[in-house]
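Worksheet for the structure shown next.
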Amino acid sequence: MSQQPIGVVGAGTMGQGIAQVLVTSGFDVKLYDVADEQLERARGAIDKGLAKLVSKEKLSDADREAALARLDTTTALDALRDCEVIIEAAPEQPALKEKLFRDLSRLTHEAILASNTSSLSLTRLAAVCERPERVVGMHFFNPVPVLKLVEVIRAEQTSDATVTRIEQLAADLGKTAVPVGDSPGFAVNRLLVPMINEAAFLVQEGAATPEAVDEAMKLGAAHPMGPLALADLIGLDVCLAIMEVLQEGFGDPKYRPCPLLKRMVDAGYLGRKSGRGFHVYN
């Protein structure tokens, strides 16, 4: 296992989950965010996640303390200079991600720069970097500590050595790496999010309530969670952003975002993280 730390950029839900899995697997982690308050929340969420593993007897108290000791938080991007791999988990905004990759590529010429983007072009991200062959997609799924899949996305510029290293890192984390081409939405979200979008159309048209849609898919398609409850977990803003990427990338009207989904995002009804989405959360 590498002696160099792994960097994580962004301390939101996905960044927290990625950092937790890394420290639990024995890696030193430098978790970066622009806000101290977000880093404090992230440390608390990771501590809570590790405590849950202890309560389920999947982790000892000593291992929990050791994992927390491997977590370092910072608001200085320069602190990631000595990282072997840097995993970006910032909001799904193209301009923001491109700036981060441009800055990171100038900061370190040796690190692999991996993006957790759920839909954006890795080839475009690599194009702004000084060492584009070291850029790759490493798409985790929420909740990161639970779900085993990591989509590994090769940009046009990505080297074989970069892909091999990221596949090995995924294995070290107990994840299964699945290779996917650099196409809008990759594999899972290209299938999943249009289903969520169609479920929103059912609600908009009055064909079924959110509760009915979710119950029908659980009972009729053996889904562990209904599509609209899943949308609330993912974040309706994230679902909308993915639909917009699909619509722009393919130019096909079948990817038109549901107007109800747009209105809910405009209203701030983003799902679990805001307390209200297609369902209400206390």
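Numbers below:
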| read-out | value |
| --- | --- |
| Helix runs (DSSP H) in the chain reaching 20 Å along axis by Cα, Kyte-Doolittle at least 0.0 | 188-204, 236-250 |
| Neighbour cut-off at most 15 other Cβ (10 Å), DSSP loop, trypsin sites (Lys or Arg not before Pro), the range 61-158 | Arg81, Lys148 |
| Efficiency of FRET between Ala95 and Phe250 - r from beta-carbon atoms, R0 25 angstrom, step 0.05 | 0.70 |
| Whole-Hz ³J(HN,Hα) from phi, Karplus 6.51 cos²θ - 1.76 cosθ + 1.60, for the range 28-35, glycine and proline x | 6, 10, 10, 9, 9, 8, 6, 10 |
| Solvent exposure of the range 1-120 as accessible area per residue, Å², 1.4 Å probe | 45 Å² |
| For the range 242-282 versus the range 68-135, the gap between their alpha-carbon centres in whole angstrom | 26 Å |
| Glu205 paired with His279, simple spin-label distance in nm, labels 7 Å along Cα-to-beta-carbon | 2.4 nm |
| Whole-Å distance, taken between Cα centres, linking the range 185-206 and the range 144-177 | 26 Å |
| Close Lys-Lys pairs in the range 6-181, where close means Cα under 26 Å and separation is 8 or more or interchain | 20 |
| Amide H partners (placed H, <5 Å) of Met138, local residues excluded | Ser115, Asn116, Thr117, Ile153 |
| Average silhouette area of the range 1-124, convex hull of alpha-carbon atoms, in square nanometres | 7.6 nm² |
| The chain: calculated mean residue ellipticity at 222 nm from DSSP helix runs of at least 4, using -39500 (n - 2.57) | -15000 deg cm²/dmol |
| Loop-located GluC sites (Glu not before Pro) in the range 11-64, at most 12 other Cβ atoms within 10 Å (DSSP) | Glu57 |
| Cα-Cα P(r), the chain, percent of pairs per 10 Å interval | 7, 28, 34, 23, 7, 0 |
| Label point distance in nm, Asp78-Val128, each placed 7 Å from Cα along Cα→Cβ | 2.2 nm |
| Relative contact order, percent, the chain [alpha-carbon distance under 8 Å, six or more residues apart] | 13 percent |
| Contour minus Cα-Cα distance for Asp28 and Ala187 (0.36 nm per residue) | 54.2 nm |
| The chain - charge dipole about Cα centre, Lys and Arg +1 at Cβ, Asp and Glu -1, debye rounded to 20 | 300 debye |
| Rg/Rh (Cα only; Kirkwood hydrodynamic radius) as it applies to the range 162-278 | 1.03 |
| Carbon/sulfur fraction of accessible area - the range 128-247, other protein chains in place, 1.4 Å, % | 59 percent |
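The values are calculated or read from the model by the stated rules, or taken from the named source; none is laboratory data. All values reported here derive from a predicted model rather than from experimental measurement. Positions of Cβ are backbone-derived with ideal geometry, glycine not excepted, and every protein chain shown enters the neighbour counts. Keep in mind that these areas ignore ligands, DNA and RNA; they rest on the heavy atoms of the full protein, side chains included. Shrake-Rupley method; radii C 1.70, N 1.55, O 1.52, S 1.80 Å.
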